[in-house]
1. Is there any pair linking a residue in the stretch B:303-330 that is among the charged types (D, E, K, R) to one that is open to solvent by 40 Å² or more (accessible area, probe 1.4 Å), with Cβ under 6 Å and at least six apart or on different chains, and which?
2. Could you check how many residues of the stretch A:146-160 are assigned to a loop (DSSP other than H, G, I, E, B), within 9 Å of another protein chain (Cβ to nearest Cβ) and open to solvent by less than 20 Å² (accessible area, probe 1.4 Å)?
3. Out of the stretch B:222-261, which residues are within 18 Å of the chain's Cα centre (by Cα), open to solvent by 10 Å² or more (accessible area, probe 1.4 Å) and more than 14 Å from chain A (Cβ to nearest Cβ)?
4. Looking at (1) open to solvent by 40 Å² or more (accessible area, probe 1.4 Å); (2) facing chain B (nearest Cβ under 7 Å); (3) in contact with a strand residue (DSSP E or B) (Cβ under 7 Å, 6 or more places away or on another chain), which is the only condition residue A:131 fails?
5. Within the stretch A:210-231, does at least one residue satisfy the condition of being open to solvent by less than 30 Å² (accessible area, probe 1.4 Å), more than 14 Å from chain B (Cβ to nearest Cβ) and either within 24 Å of residue A:140 (Cβ to Cβ) or in contact with a His (Cβ under 8 Å, 6 or more places away or on another chain) (or both)?
6. I'd like the full set of residues that are more than 7 Å from every other protein chain (Cβ to nearest Cβ), touching a residue at least 40 places away in the same chain (Cβ under 8 Å) and in contact with a helix residue (DSSP H, G or I) (Cβ under 7 Å, 6 or more places away or on another chain), limited to the stretch B:3-43.
7. Taking into account only those residues within the stretch A:102-118 that are within 14 Å of the chain's Cα centre (by Cα) and open to solvent by less than 10 Å² (accessible area, probe 1.4 Å), which is nearest to the other protein chains (Cβ to nearest Cβ)?
8. Here's a check for you: in the stretch B:79-110, which residue that is hydrophobic (A, V, I, L, M, F, W, C) and over 16 Å from the mean Cα position of the chain (by Cα) is nearest to the other protein chains (Cβ to nearest Cβ)?
Amino acid sequence: MPDDSVHNAPTGPGCGRSCNCGRANADADGLIRDPKSNGDGVSRRSFIKTLGASAAVSSLSATSESRANALLGREVPKSAAMLIDGPEPVDVTLNINGKPLAVKVEPATTLLEALRFHLNLTGSKEICDRGACGGCSVIVDGKLVNSCMMLALDAVGAQVTTVEGLARDGKLDPVQESFVRHDGLQCGYCTPGLVMACRALLNDNPKPTLEEIKKGLSGNLCRCGTYTNIFNAALEASGQAPIMDQKMEGA
Amino acid sequence: MNPFAYVQPRTFDEAAAALAEKRFSLPMLKAGGMDVVDHLKEGLIQPDALVNIKRLRSQPDGAPIAEAGGKVRIEATATMAEIAASDVVKRLAPVLGLSVGTAASPQVRNIGTAAGNLLQRPRCWYYRHEQFDCLKKGGSTCYSIEGENKFHAIFGGGPCHIVHPSNLAPALMVCNGVVHIVGSDRKSLPIAQLFHGPDQGIRSEHVLKPGEVITHITCDAAPRSGFYAIKEKQSFDWPLVAASVSLELDGAKIRSARVCAGAVAPIPWDLPKVEEALKGVSVDDDAALRRACDVAGDGAKPMTDNAYKVRLLPVAVRRATLIAAGRKTEVDA
């Protein structure tokens, strides 16, 4: 179930849901900061995390393993009946950012809901909730997808990377760094999705042209209209000179 | 979303059995799930089970797209991105890749499947809105007739006026596509027989019976083929009009043509008059090509807000023809 204690908490730094409760819930970089490692004290996310801490589990249970096998099309004994889950909540393991995380979800739970409400990974944003805006973009088995339109059970057995998984050893991903340098955000709500779209694009195409960047990011909307800076960030993150500013100066 | 069970068949036959058996009252097939999840979120469907075929393959090699005896073979669960990137498709039937390569958004193309694209439900805003009890949902009115019908049909409409939403279907029409199915006596069905107009049943757009599952799709080689869609937005938009064309050429001269339009009718809409008019025309003779393509709008019955489609369709057909012939359109030039 969604953690309503967070949503309804009378005090607290952020709601964590896309609602109208008025509490800020946009992260510029979508990162969960560990107060122990950065010494900045308790971040709003880590504060929230303590309210609805999710259990990290290190090994696959027997049932979730057979479920993963079925999903991956591996050999399952012929005599076994077809696997049927739900409609009650099911225990599954999701591989998120290289870690197996145990979660109990109904089949009607989307991957985005599992990430935000069950695992407290609130970097991926719910904006349109219909796969049209890209705010919830994550990388599943190397492919950029809208987590709001994917069932959590569809992600069992797959490797999921969220915006929280980009930074390594306290160092931001080059895409994140160039977003910071080029001011690739205004309100910041679309930013985690655009960072993921940019990362997925550069994984497939390390030196995209401006046209390819526009195409690769075309599933993500920025209502503030920061596209110029985002394209520049993508160019720089792929080791290319930002050109949009120069073009505009000459215009 | 209403609660539902999640069924994981290991083969397409098991999927067909899960749909046919009486264990569930309203089981639904799900592959990529884009349209199914959308329907669930809008409250348009309340299945008690989803039968997940997302990762199933009909062939043991698991290749999403393959060449088989000079034909193209596409798994039902191949994604749009896989079809668009396939070298087999680019070489043997480029129209297929072009048709899905710019559909929706990169994220959707990574999830949406070939069969899902064919069987997705229409985008009509009255159908998609829970509050409109339209003909398609068992009501007694098609709201588009007196309502807003800018994106509706100019051919074959009535009593319901949807346009078929698939980009892949018209592309397969010009390559003699065939869908292969299990869970039925019939093993395959030409794409030309897969869809039916609203006059032959309003509640669905295709002839598959409950329990019939598409496993894969095959089509003839059509190396000289092209697709062109005219849209309002370049990303995440459905075409206003679209055209798929396959040509046989003698040099620059068209020996024969197959032309099928999308987004203009409740089914992929063949344009035999254009096919006839294109015979003998040189693709490099702009005036003759325009004359031949201008008949694309003949016989159209536009509604109050969509007569513009009658003018746009010849443009899409001509540009698709140029692309099929390996020429540049005036937009690229």
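1. Listed pairs, sorted by first residue: B:305/B:150; B:319/B:228.
2. So the count comes out to 1.
3. Matches in the stretch B:222-261: B:227, B:228, B:229, B:230, B:239, B:240, B:246, B:258.
4. (1)
5. yes
6. Hits for the stretch B:3-43 are B:29, B:31, B:32, B:35, B:42.
7. A:110
8. B:85
The values are calculated or read from the model by the stated rules, or taken from the named source; none is laboratory data. Small disclaimer: the values here were computed from a predicted structure and weren't measured. Here Cβ is always computed from backbone atoms with ideal geometry, including for glycine, and neighbour counts include all displayed protein chains. Just the protein is used for accessible areas: all its heavy atoms, side chains included, with ligands, DNA and RNA removed. Shrake-Rupley method; radii C 1.70, N 1.55, O 1.52, S 1.80 Å.
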